[in-house]
Amino acid sequence: MLVFDLVKEWSHVMEKYTVGVIIGSLSKDSINRKLARALLRLAPSELEFREIRIDALPLYNHDLDENFPRAAREFKQDMDEVDAVLIVTPEYNRSIPGALKNAIDWSSRPREHKSFEHKPTAMIGASSGALGTVVAQQHLRAMLSFLNTPVMTFPEGYIQMKPGLVTDDGDVTVETTLEFLRMYMNEFYKFIDREVRSFQPQQEVMIESMEEKA
Ligand SMILES: Cc1cc2nc3c(=O)[nH]c(=O)nc-3n(C[C@H](O)[C@H](O)[C@H](O)COP(=O)(O)O)c2cc1C
């Protein structure tokens, strides 16, 4: 069997990916943290999650570019260690919360090491209002586009968090929402898989040249 056939056979195996979860809210009672809990429970088992915290980051200041504070170094290290990112965020005053913008600013420096560049990312948000964070997510898309981030475009997730919709443990009590969130995470898995594979062209060129020599 040629190397290329072997690779094709392996490609049917479901890859595992590690996803960093960024919660845009710093509140301990955050409805977005609750939503994140629900999403993790409904995700395919091939996805593993770890939270990337943004609450210890000082306010970004480019005077510190030459000497990043420890919290910022750790944040960028956390970003480097994951295959993909899931942002679960509220909307504050028709945009993203300042804490999330601050984290994105740190992520974007130094210029030659932008943490979101080529990192498959999905966003979803919960709001007490009916618009469910739609404006914040449009702003977030624009920022990530500037940072050369592949962002999942479909499905979009705008959740109006009515009382009891998600329990503190992350159980979703409304069947249609539960099915939507499950579908969202399945699509996220497929998106990550597509992005990661499409980013390995060099490997395929190498395999093809090995085949030619065989
Ligand atoms: C400062 C502030 C601004 C807000 N602005 C918006 C807004 O623009 N759109 C919206 O849908 N909800 C807005 N809300 C209401 C939030 O949806 C609600 O407080 C939600 O619980 C925040 O998410 P969290 O619990 O995850 O922090 C705002 C809340 C705060 C505290």
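A short reminder: the numbers here are calculations on the coordinates, not readings from a lab. A quick note: this is a predicted structure, and the numbers were derived from the prediction, not measured. Cβ: placed from backbone, ideal geometry, glycine included. Neighbour counts: every protein chain shown.
Please state the relative contact order of the chain as a whole percent: Cα pairs under 8 Å, 6+ residues apart? List each step's numbers first, then the result.
Working: 323 pairs, mean separation 52.7, N = 214.
About 25 percent, as a whole number.
Is there a quick way to get the dipole size of the chain? I mean about its Cα centre, with the Cβ of Lys and Arg at +1 and of Asp and Glu at -1; what is the value in debye to the nearest 20?
Details: 25 positive and 33 negative charges, 149 e Å.
In debye, rounded to 20, the chain gives about 720.
Out of V21, V174, V135, any idea which swings most in a Gaussian network model of the chain, alpha carbons joined below 10 Å?
In this elastic network of the chain, the residue with the biggest mean-square fluctuation among V21, V174, V135 is V174.
Once you've got the GNM for the chain with C-alpha springs shorter than 10 Å, pick whichever of A122, A38, A130 has the biggest mean-square fluctuation.
Comparing A122, A38, A130 in a Gaussian network model of the chain, the most mobile one is A130.
Find which of V88, L165, L64 sits farthest along the positive direction of the dipole of the chain, computed with +1 on the beta-carbon of Lys and Arg, -1 on that of Asp and Glu, about the Cα centre.
Farthest along the dipole direction, towards plus: L165.
From the phi of every residue in the stretch 139-146, what ³J(HN,Hα) in whole Hz does the Karplus formula 6.51 cos²θ - 1.76 cosθ + 1.60 yield, where θ is phi - 60° and glycine or proline is x?
Once θ is set to phi - 60°, the couplings for the stretch 139-146 become 5, 4, 4, 4, 5, 5, 4, 4 Hz.
Over the stretch 17-200, one equal point on each Cα, no solvent: what is log10 I(q)/I(0) by the Debye formula at q = 0.09, 0.12 Å⁻¹?
These q points yield log10 I(q)/I(0) values of -0.30, -0.53.
Taking 0.36 nm per intervening residue step and subtracting the Cα-Cα distance, what contour gain separates N93 from Q160 on full extension?
22.5 nm
Looking at S145, I104, G132, which one has the Cα that reaches farthest to the positive end of the dipole of the stretch 23-145 (charges on Cβ: Lys, Arg +1; Asp, Glu -1)?
Selected residue: G132.
Within the stretch 45-75, name every residue whose backbone N is under 15 Å away from a label modeled 7 Å from Cα of K16 along the Cβ vector.
45-50
Once fully extended, how much extra length lies between A142 and L64, figured as 0.36 nm per residue of separation less the alpha-carbon to alpha-carbon distance?
Numbers: separation 78, 0.36 × 78 = 28.08 nm, distance 2.53 nm.
Value of the extension gain: 25.6 nm.
If the chain between L131 and Q77 were fully stretched, how many nm would it gain, using 0.36 nm times the residue separation less the Cα-Cα distance?
Fully extending the segment from L131 to Q77 adds 16.0 nm.
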